[in-house]
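These notes concern the structure reproduced below.
The values are calculated or read from the model by the stated rules, or taken from the named source; none is laboratory data. Predicted, not measured: the structure shown is a model, and the values here were computed from it. Cβ coordinates were reconstructed from backbone atoms using ideal geometry, including for glycine residues, and neighbour counts include every protein chain displayed.
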Amino acid sequence: MKIFHGWRVAGAGAGLQFMQAGLNHQSFGAYIAVLAAEQGWSKTALSGAAALQSMETAVIGPALGWMVDRFGPGIMIRIGVVLFALGMVALSQVETLTGFYLAALVIAAGVSLCGYFPINVAIIHWFERKRARAMATSSLGLALGGLIVPLVAASIAAFGWRATALGSAVAVLVMGWPLASVFKGKPSEMGQTIDGEPPRGSASGSPSQAAASGLQAQTAEHAEGPEFTAREALRTRAFWLLALGHGAALLVVTSVNVHAISHMKEGLGYTLAQASLIISLMTVGQLGGVGIGMWVGDRYNKRMMAAACMLMHAAGLLLLTWASNIVMLVGFALVHGVAWGLRGPFMQAIRADYFGRRAIGMIMGISSLVIAIGQISGPLVAGAMADWTGDYRAGFTLLAVLAGAGGMFFVLATPPKPPIRAGG
């Protein structure tokens with residue numbers, strides 16, 4: 001039996017996100033903690049690198065969206081793998097804060113081009129009825145990447161951060177290039193249909209019916225649900241509310257990725273290895289969240305589940321902020337991890353449900369301009385307030401409150417009415 005290529009795409013997406021999460025997203029905090037101690041750079045300055053990464057992603061987002069819509073995600077993902085590897089090589093050679101910023105920018109460009117954006121666009125083109133399940137499958141990699149964080153921390157302790165970054169560059173090329181080659185074409189271009197299901201009427205009928213079924217297979221990618229242009233999507237309230245809700249969630253996600261290890265190391269007295277183990281424990285929560293999403297994502301209201309996840313993000317960050325024992329830290333890792341694993345795949349699935357496939361790359365790209373507010377401000381606020389007050393408690397508490405309140409954006413983001421066009 002021939003395996004539906006859409007599941008190969010989802011599996012390759014999981015592999016790429018595993019690589020990115022383990023070697024960059026969730027381990028970035030380990031580099032921050034070591035560089036702050038070794039180089040004496042302030043938390044605000046180091047947070048600026050994360051902010052620059054988010055700013056770059058936002059700036060190139062609309063252009064990347066257009067390129068993905070125009071040329072397909074495959075070529076973008078291949079270019080991204082190469083840039084990601086080059087960025088890790090540049091990181092291994094850093095001598096100044098400026099050099100650190102430049103390396104972070106190259107890494108950001110690579111991760112943007114081979115990350116969740118083009119991966120999810122590819123999945124959207126291959127799935128309709130099973131879309132949330134496929135996106136959750138791809139997100140398994142993002143969750144499992146946390147398992148690498150203790151290995152990265154151990155490598156930094158044993159061999160130094162430069163050797164670890166250089167080794168990571170080699171791993172990116174060895175793992176990433178074969179996975180990138182899985183992304184090629186849309187279902188109709190490979191003789192398959194959305195969700196891998198046979199065309200209706202293909203089992204029997206006259207030659208004319210069979211021909212009609214073939215035509216249906218070729219056009220199925222554009223036959224389901226509303227199809228908005230980017231301009232039409234921008235005119236809807238749902239577009240802006242989804243972007244603001246997504247940005248509010250990233251207030252917590254990016255702050256944790258950048259500063260959680262430093263908080264546990266400096267504020268709570270744990271070692272780098274112990275803090276990294278707590279971060280890796282988030283993997284258990286993320287896997288649980290992804291599993292729940294695979295089960296309920298295509299059955300229940302995604303935006304209401306996303307709203308509930310915002311409260312969980314807030315609760316998890318508060319547990320981390322005010323942890324007085326290991327139980328609270330474990331609670332943080334599990335609660336935040338479940339919220340991240342469950343909510344993450346829904347972000348693009350909801351957009352595809354609301355706006356269709358026609359211009360989904362551009363719609364996601366423009367959304368990134370709004371989402372970047374959370375990506376940029378979260379780590380900057382946490383870092384600046386830590387430099388000002390001496391610890392992360394005030395900054396983390398503020399971000400938790402803002403994220404919890406941000407759940408209302410999802411509650412209010414009801415589906416838009418189909419676009420009205422002249423003559424249609």
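Just a few scattered comments:
- Of all the numbered requirements in (1) buried (at least 23 other Cβ atoms within 10 Å of the Cβ); (2) under 24 Å from residue 274 (Cα atoms); (3) out of contact with any Leu (no Cβ under 8 Å at 6 or more places or on another chain), residue 315 misses one, and that requirement is (1).
- Residue identified as in a helix (DSSP H, G or I) and within 14 Å of residue 241 (Cα to Cα) among 376, 371: 371
- Leading residue by the ranking (modelled with the highest pLDDT) among those in the range 50-82 that are crowded, with 18+ Cβ neighbours inside 10 Å and among the β-branched types (Val, Ile, Thr): 81
- The helices (runs of 4 or more DSSP H) found wholly in the range 173-278 and carrying at least 3 residues that are at pLDDT 90 or above occupy 230-234, 237-262.
- Scanning the range 316-332 for residues that are free of Cβ contacts under 8 Å to residues at least 60 places away in the same chain and part of a helix (DSSP H, G or I) returns 319, 326, 327, 328, 330, 331, 332.
- Filter result (within 28 Å of residue 348 (Cβ to Cβ) and among the β-branched types (Val, Ile, Thr)) within the range 362-397: 363, 366, 370, 371, 373, 376, 381
- Under the condition of being surrounded by fewer than 24 Cβ atoms within 10 Å (Cβ to Cβ) and at pLDDT below 85, the residues counted in the range 141-155 number 4.
- Inter-residue pairs, beta-carbon under 6 Å, first within 19 Å of residue 126 (Cβ to Cβ) and surrounded by fewer than 16 Cβ atoms within 10 Å (Cβ to Cβ) and in the range 219-243, second of a type in the set (D, E, K, R) and at pLDDT below 90, 6+ apart: 224/128
- Positions within the range 103-136 being modelled with pLDDT of 90 or more and either assigned to a loop (DSSP other than H, G, I, E, B) or over 25 Å from residue 340 (Cβ atoms) (or both), in sequence order: 103, 106
- Of all residues in the range 145-174, those that are over 15 Å from residue 87 (Cβ atoms) and not aromatic (Phe, Trp, Tyr) total 17.
- Given (1) touching a Leu at 6+ places or on another chain (Cβ under 8 Å); (2) free of Cβ contacts under 8 Å to residues at least 12 places away in the same chain; (3) among the charged types (D, E, K, R), number of the condition residue 299 does not satisfy: (1)
- Taking the conditions (1) surrounded by fewer than 21 Cβ atoms within 10 Å (Cβ to Cβ); (2) touching a residue at least 40 places away in the same chain (Cβ under 8 Å); (3) more than 21 Å from the chain's Cα centre (by Cα) in turn, residue 386 satisfies each one other than (1).
- Exclusive hit being closer than 24 Å to residue 153 by Cα, of a type in the set (Ser, Thr, Tyr) and buried (at least 19 other Cβ atoms within 10 Å of the Cβ), set 42, 47, 92: 47
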